[in-house]
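Here the structure is laid out as structure tokens; the discussion comes afterwards.
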């Protein structure tokens, strides 16, 4: 009993900080989502009214919200597999590289992760420029007409996906590389002695032992990609024709452009519920597959 009280005493400051700086703001944001808090209420709190679930119902009836949700799901469904596939391929290449070169390659791969979003977004906007961009210049060399990457609704979201995958895949690659380095080499040698080829060793040895790391990376990537905001904010400002407006970008517009803070809080909690549902599904799948 004494040890339990001692543990609570040591954990108390950390729990107090979590309660003050996380749980309390979340509770206040939820209460805010049940009101019509806007610019008028900000100027005069007497204008504040309790509206219950009206903000949530209004969002579910809003075509703008469903468009933002569709854009976000498109980004997740396209970006997550690309990011995981590129991260795994990069990790395998780094694992096969000479030991003296791995440090350099790890740094090079991880550099986009720590680079400033605005700086790299400006570079990518130049690369994707319709007339002067290097991407269209390379396409012209093989006879493909220039593509308006950031001005055409058909190509704006794929361009955002490619940028986000390039920006973030290095983080996952480093985690997967650590998982690969933890696999005993004796297992590969034993599989080779039994006649297993490169593909069989990858399928029967690498993937099963790397599955826990892949599961964790998948959950982190899904939750991160649901929070799409910086890329469209810097590169397209939600355009063209609202084709890159995400749920988080819609929350920003509701809260800081139109000052509908109650509605913005409701958007945040709907996104939270969606992320929790997807994360719970992935965790259940992970337990079912015994990752």
Original post:
What residue, of 228, 248, 220, 282, is within 26 Å of residue 163 (Cβ to Cβ) and modelled with pLDDT under 90?
Top reply: 282
**OP:** Return yes or no: is residue 194 without any contact (Cβ under 8 Å) to a residue 60 or more places away in the chain, surrounded by 17 or more Cβ atoms within 10 Å (Cβ to Cβ) and farther than 24 Å from residue 83 by Cβ?
**Re:** no
**OP:** Can you work out which of the residues in region 48-67 that are touching a helix residue (DSSP H, G or I) at 6+ places or on another chain (Cβ under 6 Å) and part of a helix (DSSP H, G or I) is surrounded by the fewest Cβ atoms within 10 Å (Cβ to Cβ)?
**Re:** 56
Original post:
What number of residues within region 230-282 satisfy the criterion of being under 12 Å from residue 65 (Cβ atoms) and touching a strand residue (DSSP E or B) at 6+ places or on another chain (Cβ under 6 Å)?
Top reply: 0
Original post:
Is it the case that some residue within region 38-55 is without any contact (Cβ under 8 Å) to a residue 40 or more places away in the chain and within 30 Å of residue 171 (Cα to Cα)?
Top reply: no
Original post:
Is it true that some residue in region 161-175 is modelled with pLDDT of 90 or more and part of a loop (DSSP other than H, G, I, E, B)?
Top reply: no
Original post:
In the set 206, 221, which member is within 25 Å of the chain's Cα centre (by Cα), crowded, with 17+ Cβ neighbours inside 10 Å and under 26 Å from residue 281 (Cα atoms)?
Top reply: 221
**OP:** Residue by residue through region 232-247, note down the ones that are in a helix (DSSP H, G or I) and in contact (Cβ under 8 Å) with a residue 60 or more places away in the chain.
**Re:** 232, 234, 235, 247
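For every residue, the table says whether it meets (1) part of a helix (DSSP H, G or I); (2) out of contact with any helix residue (DSSP H, G or I) (no Cβ under 8 Å at 6 or more places or on another chain); (3) loosely packed, with under 10 Cβ neighbours inside 10 Å.
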position: 3; (1), (2), (3): yes, yes, yes
position: 9; (1), (2), (3): yes, yes, yes
position: 14; (1), (2), (3): yes, yes, yes
position: 24; (1), (2), (3): yes, yes, no
position: 46; (1), (2), (3): yes, yes, yes
position: 69; (1), (2), (3): yes, no, no
position: 74; (1), (2), (3): yes, no, no
position: 80; (1), (2), (3): yes, no, no
position: 89; (1), (2), (3): yes, yes, no
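The values are calculated or read from the model by the stated rules, or taken from the named source; none is laboratory data. All of these numbers come straight from a predicted model, not from anything done at the bench. Quick reminder, even Gly has a Cβ in these numbers, built from the backbone with ideal geometry, and neighbours come from all protein chains shown.
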